[in-house]
Every structure is written in structure tokens, then in C-alpha cells.
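I have placed the structure first, in the form of C-alpha cells, so that the comments after it can refer back to it.
The values are calculated or read from the model by the stated rules, or taken from the named source; none is laboratory data. On a predicted model such as this, the values are computed, not experimentally measured, just so you know. Glycine also receives a Cβ, built like all others from the backbone with ideal geometry; neighbour counts cover every protein chain displayed. In case anyone asks, the SASA skips ligands and DNA or RNA and just uses the protein heavy atoms, side chains included. Shrake-Rupley method; radii C 1.70, N 1.55, O 1.52, S 1.80 Å.
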Amino acid sequence: MKTLMIVLTVLLVLAIGALLVFVYVVQNVEHPAYESVLLDRDFEVRDYPPLVVAEVRRSGDREQGLRDGFGPLARYIFARERGGEPIAMTAPVQQQAIAADEKIAMTAPVTQSPDGENNWVVRFIMPSALNLEALPTPGNDAVQLRQLPARRVVAVRFSGRTDDALVAEQEQRLRDWMAARALSPLGPPTYAYYNDPFTPGFLRRNEIQLPVKRSALPAG
């Protein structure tokens, strides 16, 4: 009995330590700045400035596309395939559906390629102190650097592990909230993942964002 109590105490201490590390990491990773136009519980209308990103394109289902896209982006920022210093990690990692031949992902419709597989762009947002000219050239041709234009989005924030069922449920919530306020999306959703795969679901921050006109505001 005494041994069991010691084991349970050690596990509790480790769990608390892991939680504290999680809180520290989340609070010290840079997030892109934005202006909050309207906040309604889990929903928010935001204005983002232009953002510099590194991105790759991948095919497959949503989870496979995210996994395949993460690797080359991580190797880029950690200088595994190029010279120079590592780049600080930021959050969130973004993922968006695109057409196979789409050139401008921000306004692309959600489509499927002829072979039935979804096509995705996966992005890391670069630290705000770095512009395109300051970024090192990728050592992998799959990694592209570009600047996204300033934009207004409507976002829904939620926790949990982002399986397809949860993502579909939250995306429908977002679309329903927008429809009730006469807001029309301009393009496909962007999925934003703020945490690593080892973070417990209840501690995770996830978002789905839909772009709207810069002048769009909720009706009423």
C-alpha cells in the first residue's frame, strides 16, 4: 500500500510538472498579432496584418496531409536541410484545402483532385521580426516562402483532438454562426493547430477560420 502511494505521488508530481511545462511553452511561443473586431463566446471576427509564411503542398486526407507537410517545414525552421541558424517555432500550424493547380490558396474553392485525393497547403507562420528578405533560402524545393495579404476572418475556437468528426462539427457551428449574422465566407476554411500531438485533448487550442470581406461585420 505504501509503495502504491509513493508511485501515485510520483505520477501526480510528473503530471503537474508536465502541465507547468505545457503552460510555459504555450505562453512563450509567438502567435500572430491580430485586431479583435468582435468577440462572441467561441467566435471572433479578426483582422490580420500581412503574414510571412513557409508552406508546402501535400495530398491525402486531412490528417495525412498535415503529417506529411509538417516534416519539411520543421526541417526548414530547425536548419536541418539548409545553412544558417534555426528559426523560432511559432503557433499555430495552419492547413487549408486547395485545388491541385491553385496558385493563390487564400481564395481557392475546396476541391478534390481527379484521383479523389484532397490537396492541402500546410503553413508555418514566420516570427514577426523576419520579413521575406531576411529568411534563409529553403534547402528543399517543396518549401516555399511568401507573404499572405492582410485579411479579415471569422474564427471559432475549440479544444479536443482534431479528428474529422470534431472538425466537421466545429466547422458547421462556424458556418451556422456566420449565416445567422449574414456573413458570407470568401473561400475555404483554414484549420489552425496550436499544440503538439502529445498535448492532452482538453488542453489543446484549435481553430477554424473562414475569410470574409475586409468590410464585413455581423448583421444586427
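Observations, loosely collected:
- Residue pairs whose Cβ atoms lie under 7 Å apart, sitting 6 or more positions apart in sequence or on different chains, and linking a residue in segment 56-76 that is without any contact (Cβ under 8 Å) to a residue 60 or more places away in the chain to a partner that is of a type in the set (Gly, Ala, Ser) and open to solvent by less than 40 Å² (accessible area, probe 1.4 Å), are ASP68/GLY60.
- Residue in segment 162-175 that is part of a loop (DSSP other than H, G, I, E, B), within 26 Å of ARG46 (Cα to Cα) and open to solvent by less than 60 Å² (accessible area, probe 1.4 Å) present: yes
- Filtering segment 44-80 to residues that are within 22 Å of LEU130 (Cα to Cα) and in a loop (DSSP other than H, G, I, E, B) leaves PRO49, PRO50, PHE78, ALA79, ARG80.
- Selected residue (criterion: modelled with the highest pLDDT) from residues of segment 91-124 that are of a type in the set (Val, Ile, Thr) and open to solvent by 10 Å² or more (accessible area, probe 1.4 Å): VAL93
- The C-beta contact set for segment 130-143 (first residue within 15 Å of GLY84 (Cα to Cα), second residue aromatic (Phe, Trp, Tyr), distance under 7 angstrom, 6+ apart or interchain) comprises PRO138/TYR76; ASN140/TYR76.
- Residue pairs whose Cβ atoms lie under 8 Å apart, separated by 6 or more positions or on different chains, with the first residue in segment 173-187 and farther than 13 Å from ILE208 by Cα and the second open to solvent by 80 Å² or more (accessible area, probe 1.4 Å) and part of a helix (DSSP H, G or I), are LEU186/THR107.
- If the condition is being touching a Pro at 6+ places or on another chain (Cβ under 7 Å) and open to solvent by 20 Å² or more (accessible area, probe 1.4 Å), then segment 194-220 contributes only TYR194.
- Looking across segment 129-149 at every residue that is open to solvent by 60 Å² or more (accessible area, probe 1.4 Å) and of a type in the set (S, T, N, Q), the one that is nearest to PHE78 (Cα to Cα) is identified as THR137.
- Selected residue (criterion: most open to solvent (accessible area, probe 1.4 Å)) from residues of segment 30-54 that are more than 30 Å from ASN140 (Cβ to Cβ) and acidic (Asp, Glu): GLU35
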